[in-house]
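Report on the following structure.
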Amino acid sequence: MSLLEIKNLHVEIEDEGKKILNGLNLTIEKGQVAAIMGPNGSGKSTLAYVLAGRPGYDVTEGDILLNGESILEMEPNERAAKGVFLAFQYPVEVPGVATMTFLRTALNAQRKLRGENEVSTPEFIKMVRETSDKLGISQDMLRRGVNVGFSGGEKKRAEILQMAILQPSLAVLDETDSGLDIDALRIVSEGVNGLRAPDRSMIVITHYQRLLDYIVPDVVHVMAKGRVVRTGGKELALELEAKGYAQYTDEAA
Amino acid sequence: MADVTPIRTPAEQAFAAAYDGARGTLPGKGAVASLREDAFRRFDAKGLPTRRVEEWKYTDLRTGLREALPLAVPPDAAAKANAKDAGAVFAALNPRKLTFVDGAFVPEMSDLTPEAGLSIGSMAEALTKGDAEVTAKLGKTFETDDIAVALNTALMGDGVVIRVAAGAALERPLHLVFVTLSETSSFTRSLIVVEKGAKAAIAESHEGVAAQVNAVLELIVGDEAEVDYYKVVANRGVHLGSLMLSAGKRARFDTFVLNHDVGIVRNQSFVRFAGEHSRGALRGVNLLRGEEHVDNTLVIEHAAAHCAGREQFKAVLDGESHSVFQGKIVVNPGAQKTDSKMMTRALLLSDNAEADSKPELEIFADDVVCGHGATAGALDPTLKFYLMSRGIDEGQAEALLIQAFIGETVEEIAHDGFREAIMNAALAWLTTREVKP
């Protein structure tokens with residue numbers, strides 16, 4: 001069984017009726033790193049949000065199966081407990097909620113939903129310290145409110161820290177490269193690569209091939225006009241970089 | 001308009017009857033009696049405030065106080081036994097408890113062990129004796145023709161008179177514990193004088209059955225004195241609390257009020273920066289649901305130069321609750337270099353809740369920094385989704401965001417122990433909150 005199966009997914013923006021996903025089919029295997037590329041407006045970020053369960057989208061047709069189970073009716077927190085993690089393109093600042101409190105609340109909430117024991121404080125602190133050191137996240141940053149006062153690069157690193165602590169089975173990285181300089185891109189990519197595992201799949205959403213030099217995908221899917229229009233190996237990314245997306249936007253029309 | 005005799009509401013008639021019936025037995029003769037008489041005349045001329053009285057625009061007492069409850073009688077032994085656990089909110093600070101049951105000071109439930117530089121007495125006794133020092137100060141801390149204060153002056157029964165002598169620093173915080181055990185009305189008047197260079201932390205809490213409480217505190221912060229004053233209102237019925245505070249030169253004061261699980265509350269603070277180079281803060285948080293109503297009204301007068309004032313009030317509103325903030329900053333001519341900032345924010349968790357904010361600045365000096373701001377809004381759905389996407393359920397996500405919202409203000413509390421106790425009281429409220437999808 002595949003980890004994720006998206007079948008004929010049709011999605012509209014609630015109240016506006018604007019159709020974003022238009023019969024999307026996508027299968028992600030266990031342990032696979034899949035890149036999703038495509039032009040602006042092709043529905044990449046919508047796909048990420050719909051996977052995570054963000055309110056404001058209407059699924060009018062189709063289904064999303066995670067390990068064979070439909071997640072469409074699940075709340076975002078239930079999906080998280082099932083292993084879905086979305087690294088946001090623009091991680092939000094949550095003033096007044098300390099990063100450590102937030103991470104521990106999240107981890108224990110997931111464990112509780114899965115019927116597991118809460119993690120002890122020393123164990124948790126050790127876990128965070130080890131990972132944050134690798135990502136160059138200081139203890140001071142962890143004491144601050146979630147993402148408060150972080151630079152763009154720091155926010156992305158903090159997302160990877162969260163991912164490392166929460167250990168998802170499906171990580172969706174939504175334009176993780178946006179706003180990163182080369183050094184930050186390297187640190188973030190190393191963090192992501194460190195989390196590659198046989199029981200963890202990743203969907204890496206990006207406009208540019210550059211990120212895929214660092215996070216080398218097993219498969220590349222091209223999205224246009226709300227569906228997957230082409231699937232290939234990692235060399236497909238290079239072809240897109242050379243030729244652009246025009247041919248796909250025309251094909252899909 | 002002036003010669004129209006308004007129709008008296010049942011409550012107004014009852015207050016008049018209460019005054020008539022009790023004037024012979026209320027503590028104090030001579031100067032005290034004439035103080036009462038003047039105050040009653042003021043009340044009698046104006047009646048309870050309606051929406052047409054600007055200062056009470058959002059808290060219509062004529063409607064809110066439809067009927068006046070009978071005046072409280074001194075508690076009996078059974079009542080006192082029921083009150084022994086009151087004041088738990090600040091128990092962790094091991095404060096010196098001064099207990100009031102239905103408005104009467106109960107010395108045997110109060111910690112009156114002597115401490116150098118501290119004197120504590122009953123207001124009823126001071127009024128009965130005609131204590132000249134007390135009567136000379138009464139009503140002078142901040143003169144106002146406010147009706148709630150006038151009613152209090154007319155009917156004041158008991159309270160405490162506390163003096164912290166010059167240079168003294170109290171070992172433990174004082175905690176004025178007000179507990180209501182009968183559905184009655186009580187009028188307490190307290191006077192606290194913190195003399196030059198003295199330091200005191202003072203708390204006040206209100207709990208018990210739905211009663212009508214009118215509590216006035218006159219707090220005189222002497223030159224170079226430092227005073228923390230924290231209040232929690234958590235009882236139903238009608239609470240009219242008035243703080244009159246006057247700060248001397250180079251004084252510092254920090255105040256906070258938390259309101260939760262209430263009926264109708266009006267906390268009014270009349271504050272005067274009377275000496276130069278003083279700084280003071282007035283802050284508060286309302287946690288409201290159902291049909292609860294809380295009105296925090298401030299009048300802050302900068303009468304001396306080089307003083308700094310900080311005011312920040314927040315409200316969290318569920319159900320059909322109503323929060324009101326009115327803040328007036330007056331900078332007198334000559335109060336140059338005044339630095340005064342006022343902020344109020346409301347978090348509306350329900351479509352049916354209401355928050356009203358009315359900031360006013362009256363500035364008569366030309367070299368000052370004064371500002372105010374007000375916001376009202378719902379929880380940010382993006383933040384909520386972010387938290388939920390990490391596995392946190394909706395209720396917990398909302399609780400974290402509400403905690404963050406009020407935490408910003410609670411964290412400003414200068415006194416460590418009170419900051420923690422007040423945050424814990426707020427968190428306890430949050431755990432009882434129901435999330436409606």
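Structure notes:
- Residues that are under 26 Å from B:P381 (Cβ atoms), more than 13 Å from every other protein chain (Cβ to nearest Cβ), touching a Gly at 6+ places or on another chain (Cβ under 7 Å) and without any contact (Cβ under 8 Å) to a residue 60 or more places away in the chain occur in the stretch A:143-152; there is at least one.
- Restricting the stretch B:405-424 to residues that are outside any helix (DSSP H, G or I) and among the aliphatic types (A, V, I, L, M), the residue that is surrounded by the fewest Cβ atoms within 10 Å (Cβ to Cβ): B:A414
- The criterion of at least 3 residues that are under 21 Å from A:I160 (Cα atoms) is met by the following strands (runs of 3 or more DSSP E) wholly inside the stretch A:1-100: A:33-37, A:84-87, A:94-98.
Yes or no, residue by residue, for (1) open to solvent by less than 30 Å² (accessible area, probe 1.4 Å); (2) touching a residue at least 60 places away in the same chain (Cβ under 8 Å); (3) under 24 Å from A:G153 (Cα atoms); (4) more than 8 Å from chain B (Cβ to nearest Cβ):
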site: A:I28; (1), (2), (3), (4): yes, yes, no, yes
site: A:A35; (1), (2), (3), (4): yes, yes, yes, yes
site: A:P55; (1), (2), (3), (4): no, no, no, no
site: A:T60; (1), (2), (3), (4): no, no, no, yes
site: A:E69; (1), (2), (3), (4): no, no, no, yes
site: A:P76; (1), (2), (3), (4): yes, no, no, no
site: A:G83; (1), (2), (3), (4): yes, yes, no, yes
site: A:P91; (1), (2), (3), (4): yes, yes, yes, no
site: A:P95; (1), (2), (3), (4): no, no, yes, no
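- Conditions (1) farther than 25 Å from B:I402 by Cα; (2) surrounded by 15 or more Cβ atoms within 10 Å (Cβ to Cβ): number failed by A:S138: (2)
- Checking each residue in the stretch A:9-18 for being among the charged types (D, E, K, R) and modelled with pLDDT of 95 or more picks out only A:E12.
- Among (1) within 16 Å of B:V265 (Cα to Cα); (2) within 14 Å of the chain's Cα centre (by Cα), the one test that B:S185 misses: (2)
- The set of residues from the stretch B:182-207 being open to solvent by 20 Å² or more (accessible area, probe 1.4 Å), touching a residue at least 40 places away in the same chain (Cβ under 8 Å) and more than 20 Å from B:M156 (Cα to Cα) comprises just one member, B:K196.
- Of all residues in the stretch B:140-181, those that are over 20 Å from the mean Cα position of the chain (by Cα) and either open to solvent by less than 10 Å² (accessible area, probe 1.4 Å) or of a type in the set (F, W, Y) (or both) total 1.
- Of all residues in the stretch B:162-185, those that are of a type outside the set (G, A, S) and over 23 Å from B:A88 (Cα atoms) total 2.
- For the stretch B:80-108, residues that are more than 22 Å from the chain's Cα centre (by Cα), part of a helix (DSSP H, G or I) and without any contact (Cβ under 8 Å) to a residue 60 or more places away in the chain total 4.
- Qualifying residues in the stretch A:14-26 (those that are in contact with a Phe, Trp or Tyr (Cβ under 9 Å, 6 or more places away or on another chain) and of a type outside the set (V, I, T)) - the one nearest to the other protein chains (Cβ to nearest Cβ): A:E14
- From the list A:G83, A:G68, A:G31, A:G56, the lone residue that is of a type outside the set (S, T, Y) and farther than 29 Å from A:G115 by Cα is A:G56.
- Residue match in the stretch B:27-46 (condition: in contact with a strand residue (DSSP E or B) (Cβ under 8 Å, 6 or more places away or on another chain), among the small types (G, A, S) and surrounded by fewer than 17 Cβ atoms within 10 Å (Cβ to Cβ)): no
- Residue in the stretch A:111-127 that is open to solvent by 40 Å² or more (accessible area, probe 1.4 Å), assigned to a loop (DSSP other than H, G, I, E, B), under 14 Å from B:L387 (Cα atoms) and within 13 Å of another protein chain (Cβ to nearest Cβ) present: no
- Residues of the stretch B:321-371 that turn out to be more than 30 Å from B:I264 (Cα to Cα) and either of a type in the set (S, T, Y) or touching a helix residue (DSSP H, G or I) at 6+ places or on another chain (Cβ under 8 Å) (or both), as a count: 1
- Of the criteria (1) of a type outside the set (V, I, T); (2) closer than 23 Å to B:H372 by Cα; (3) out of contact with any Lys or Arg (no Cβ under 6 Å at 6 or more places or on another chain); (4) surrounded by fewer than 22 Cβ atoms within 10 Å (Cβ to Cβ), which one B:A281 fails: (3)
- Filter pass, A:V204 being under 19 Å from A:E5 (Cα atoms) and of a type in the set (A, V, I, L, M, F, W, C): yes
- Some residue of the stretch B:126-144 being in contact with a Phe, Trp or Tyr (Cβ under 6 Å, 6 or more places away or on another chain) and outside any loop (DSSP other than H, G, I, E, B): no
The values are calculated or read from the model by the stated rules, or taken from the named source; none is laboratory data. Treat the numbers as computed from the prediction; the structure is a model and nothing was measured. All Cβ positions, even for glycine, are placed from backbone atoms using ideal geometry, and neighbour counts span all protein chains on display. The accessibility values were calculated without ligands, DNA or RNA, using every heavy atom of the protein model including side chains. Shrake-Rupley method; radii C 1.70, N 1.55, O 1.52, S 1.80 Å.
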